[in-house]
Amino acid sequence: MNPVNYLYLAALLFTIGATGVLIRRNAIVVFMCVELMLNACNLALVAFSRMHGNLDGQIIAFFTMVVAAAEVVVGLAIIVSLFRSRHSASVDDASLMKL
Amino acid sequence: MENLIALLVAAPLLGAAVLLCGGRRLDAVGHWIGTVLAAASFVIGAILFADMLGKGAEEREMTQHLFSWVPVEGFQADVAFQLDQLSMTFVLLISGVGSLIHVYSIGYMEHDERRRRFFGYLNLFLAAMLLLVLADNYLLLYVGWEGVGLASYLLIGFWQHKPSAATAAKKAFLVNRVGDMGLSIAIMLMFAWFGTFAFGPVLEATGETSEGKLTAIGLMLLLAACGKSAQVPLQSWLGDAMEGPTPVSALIHAATMVTAGVYLIVRSGAIFNGAPDAQLAVTVVGAVTLLFGAIVGCAKDDIKKALAGSTMSQIGYMILAAGLGPIGYVFAIMHLVTHGFFKAGLFLGAGSVMHGMNDEVDMRKYGGLRKYMPVTFVTFGLGYLAIIGFPGLSGFFSKDKIIEAAFAKGGTEGWILGGVALLGAAITAYYMTRVMLMTFFGEERWRHAPTPSPAEPSVEPAAETHGEHAEPHPHESPSSMTIPMIVLAFGSVFAGAFFGIGDRFIHWLEPVTDHAHGHPPVSALTVTLSTVAVMVIGVGVAYAQYGRRPVPVAAPRGSLLTRAARRDLLQDDFNHVVLVRGGEHLTRSLVYVDHTLVDGVVNGTAASMGGLSGRLRRLQNGFARSYAVSMFGGAAVLIAATLLMRAV
């Protein structure tokens, strides 16, 4: 199977994720969309690794997974504490950081 | 002998210090301390004079180095004195007339509770004036120059409870500042171009200096002289300075301080000799002031202000002579000395009249006083004959020489200057005769109930502080006042003949100032005869107007010229319109430029920055998703740009 198809899939997933980040309000959904984008990147990296015949892309994909795991820990903690204090998980409600 | 020079200055300076710091316990003896120390200065001057006469003409100059004031490499300022024939003349005039006026003030200021302070100021003036004429460099001269300005300010405003006196003092000080600026610039120029400001090196260096530099220095010195000597255009302070006590007017504003400008020009003769343009400016200033002062003197009803106009005019003669160069220097100084005698005498006479008339100064309320004040009448009369140049008296010798020298300038200039000087002599005779007739002759106008004259606003109602509307009882002044007047009258009568006959004064001053014999286009005898002729005409016209007709108590409206002259030929109006209004407009327009242009640029920058940031601030709306849009947008732009660059 042509590895380029994986790249099309990765681009599709990334676009879906980005669209989700931009248009959804629920923090959990936004968060999942971010994860989707990260994994789209991972897929692209692994596909490149396969296409070029070396392991660089796969190693970077591992790094991305570690970073994504750490990000999940911090992100979910923030979302939970935000929900506790405001009883809402809408990202638009948390808009206090402006002039 | 040299060591005595410093004592000339030190004696009155000590007097000033003691009297001004001594406090009330010296009130009883203060005037004696002041008078004795002034006289001490005169005695020391006389000793030095006798010593000087014993030497040959070329060895007469004495110097005394007191201490180094600013001993810096390349900037040597010394406190050092130089006593030559020119300084000696001034020392004798200043300390001599000064001592006489101290004696006079004992009587004149008898009822003033601040008499001690008055004598302190007089001593301060003497010290500063002697420092001015004894200094051997321009910087020390400047110290004396400012010192006399200070003393003049303090003494004009001595009766500071009168607002007019306080204002007059301020005016004199401010106008003098303009002149002082000229002197300080001249000194700076000298230092920049010659590297020194001592008389000797500066005046020697003039030989190899370009004419332009000498003209610049000369014009600045002329400005200084104009300020101190009340010459056009800085003349406006002298008339108001008459608010001071009369002895002050006699000493400072007639005999000594106002002649400092003449001294400065004669002392700096070498500079002016090398700068014909500056010399021409000096003669023009002198000639204009000569007529200006004389015209003002004709219209004033205030006896002191009439004499002030006359002072201005006579100093105009001196400045004119000083501007003529070596043919005039000696005569400028000679007229200065004789003028010192007769004008001080006239002022003291005026003071004596005021003393007997409840401090009334309006001549229209005098009349027929010769019976009541015989001594004042005779001394004033001799001073009068001297100033109009009556043949044989001192003014005749000195003024005639100046007129002769003016004609001898040569060419059209000579004719113009000589003509102006002759015309001035006629007007002098006119206004002095007017003063004489209004004061001592005619009907006794003070016997009528005095009515304030609304047409003459410049006359202060001085009488009201004393006698209210009581009729004055004219009486002769005490002997402390009459004796100085008699001495000065002697000087007015004989000084000119003493100086003039046998050219004594010329030989005396020649080593310092140089002298060249002028050759007038007409014979000297013709000039003398025409001087006498115009004098007779002036006296005759005045007699026809004021001697044969009664003088009205209220001033008549008068012609346009008379009214202008009563307002000092509109000098204050001119200053107000040109300088005060002009200055206001200038500052207003500068403020406008500052507000619109300078502030506009600064404020405009700030406002546009503020507006821009106000708009940029809208982007910071706090919504995480809009930030995400900009992130994605930015990333898309970056990628597009990268691809584009790669494609190219």
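Quick notes
- A residue that is within 14 Å of another protein chain (Cβ to nearest Cβ) and surrounded by 11 or more Cβ atoms within 10 Å (Cβ to Cβ) cannot be found anywhere in segment B:582-591.
- Meets criteria (under 24 Å from the mean Cα position of the chain (by Cα), touching a residue at least 24 places away in the same chain (Cβ under 8 Å), buried (at least 24 other Cβ atoms within 10 Å of the Cβ) and assigned to a helix (DSSP H, G or I)) for B:GLY340: yes
- Only listed residue being away from chain A (no Cβ under 14 Å), hydrophobic (A, V, I, L, M, F, W, C), surrounded by 11 or more Cβ atoms within 10 Å (Cβ to Cβ) and touching a residue at least 40 places away in the same chain (Cβ under 8 Å), chosen from B:LEU569, B:LEU579: B:LEU569
- In the set B:PRO520, B:PRO550, only one residue is more than 28 Å from the chain's Cα centre (by Cα) and exposed (fewer than 14 other Cβ atoms within 10 Å of the Cβ); that residue is B:PRO550.
- Considering each residue of segment B:245-259 in turn, none proves to be in contact with a strand residue (DSSP E or B) (Cβ under 8 Å, 6 or more places away or on another chain) and not aromatic (Phe, Trp, Tyr).
- The requirement of being at pLDDT below 85 and more than 14 Å from every other protein chain (Cβ to nearest Cβ) is fulfilled nowhere in segment B:618-636; no residue meets it.
- Any chance B:TRP446 is part of a helix (DSSP H, G or I) and at pLDDT below 90: yes
- Out of B:THR196, B:THR215, one residue alone is within 24 Å of B:ALA278 (Cα to Cα) and modelled with pLDDT under 90. It is B:THR196.
- Among the residues listed as B:ALA607, B:ALA554, the single one being in contact (Cβ under 8 Å) with a residue 24 or more places away in the chain and among the small types (Gly, Ala, Ser): B:ALA554
- Any pair with Cβ under 9 angstrom, 6 or more apart, that starts in segment B:630-645 at a residue that is within 14 Å of A:THR19 (Cα to Cα) and ends at one that is modelled with pLDDT under 95: B:SER630/B:LEU619; B:PHE632/A:ALA18; B:PHE632/A:VAL21; B:PHE632/A:LEU22
- Residues of segment A:16-47 satisfying the condition of being more than 16 Å from A:ALA77 (Cα to Cα), within 14 Å of chain B (Cβ to nearest Cβ) and polar (S, T, N, Q): A:THR19
- Only one of the numbered conditions (1) under 16 Å from the mean Cα position of the chain (by Cα); (2) more than 14 Å from chain B (Cβ to nearest Cβ) is not met by A:GLN58, and that is (1).
- Qualifying residue in segment A:86-94 (condition: part of a helix (DSSP H, G or I) and either touching an Asp or Glu at 6+ places or on another chain (Cβ under 8 Å) or more than 14 Å from chain B (Cβ to nearest Cβ) (or both)): yes
- Looking at A:PHE83, A:PHE62, just one residue is out of contact with any strand residue (DSSP E or B) (no Cβ under 7 Å at 6 or more places or on another chain), closer than 21 Å to B:ARG625 by Cβ and of a type outside the set (D, E, K, R), and that residue is A:PHE83.
- Helices (runs of 4 or more DSSP H) fully within segment B:120-225 counting 1 or more residues that are in contact with a helix residue (DSSP H, G or I) (Cβ under 6 Å, 6 or more places away or on another chain) and buried (at least 24 other Cβ atoms within 10 Å of the Cβ): B:138-156, B:163-194
The values are calculated or read from the model by the stated rules, or taken from the named source; none is laboratory data. Here the structure is a predicted model, which is why all the values come from computation and not from measurement. Note: ideal-geometry Cβ built from the backbone for every residue, glycine included; neighbour counts use all protein chains shown.
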